[in-house]
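Read the figures in this text as sums done on the coordinates, not as results from a lab. Here the structure is a predicted model, which means the values were calculated and not measured. Note that we place each Cβ from the backbone using ideal geometry, even for glycine, and neighbour counts take in every protein chain shown.
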Amino acid sequence: MGGKKKLTPETLHKHFQQYVKETKAKPILVHDFVGKDGHAAYRQKERPLTFEGFYNYMYAKGVKYIWDYLGNYKGIYDEFKEISTLIKNTIREDQICGGLVGIYHHGITSRLNGLVEKTENKHEVTEIVIKEE
């Protein structure tokens, strides 16, 4: 970890833009059954942006420790803070918006982004009975 830097913030940004372009150009084919007779068909679903997808994309480009750049490993990647924030926010926005409009499963995108709905359960004890045996 924390090896020699292979990127600049500018090249990381260009790689991310290319990842987005390639990801969105390759929709996922979902096997579905349509019509009253249930004919088999494949529907295209937009492919979401993910950190894992970007990691795999960068690994294929020869950058094995993308998390070092994005997480500012040991404080030696300070110059990457701005682009790292942009990358994280872009991925998060894609997932949240895709979940809100039904492109992606809203429950999964909510959990991935810490947006789970919290409910309060309140239990009140009104009487305690102790039975002697």
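Key figures
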quantity: Stretchable slack from HIS13 to LYS74, in nm (0.36 nm times residue separation minus alpha-carbon distance); calculated: 19.8 nm
quantity: Projected label distance in nm at LYS24 and LYS61, using a 7 Å step from Cα toward the beta-carbon; calculated: 1.7
quantity: Euclidean distance between Cα centres, segment 67-96 to segment 1-41, Å; calculated: 18
quantity: The chain - percent relative contact order, Cα under 8 Å, separation 6 or more; calculated: 19
quantity: Reciprocal of mean inverse Cα separation for the chain (Kirkwood radius, Å); calculated: 18.4
quantity: Among HIS39, HIS13, THR23 the positive-end extreme of the charge dipole of segment 1-68 (Cβ point charges); calculated: HIS13
quantity: Helix-only [θ]222 nm of the chain, DSSP H runs n ≥ 4, -39500 (n - 2.57) each, per residue, nearest 500; calculated: -13500 deg cm²/dmol
quantity: Student exercise, segment 20-101 dipole from Lys, Arg, Asp, Glu Cβ charges, in Debye to nearest 20; calculated: 160
quantity: Label point distance in nm, HIS105-LYS5, each placed 7 Å from Cα along Cα→Cβ; calculated: 4.0
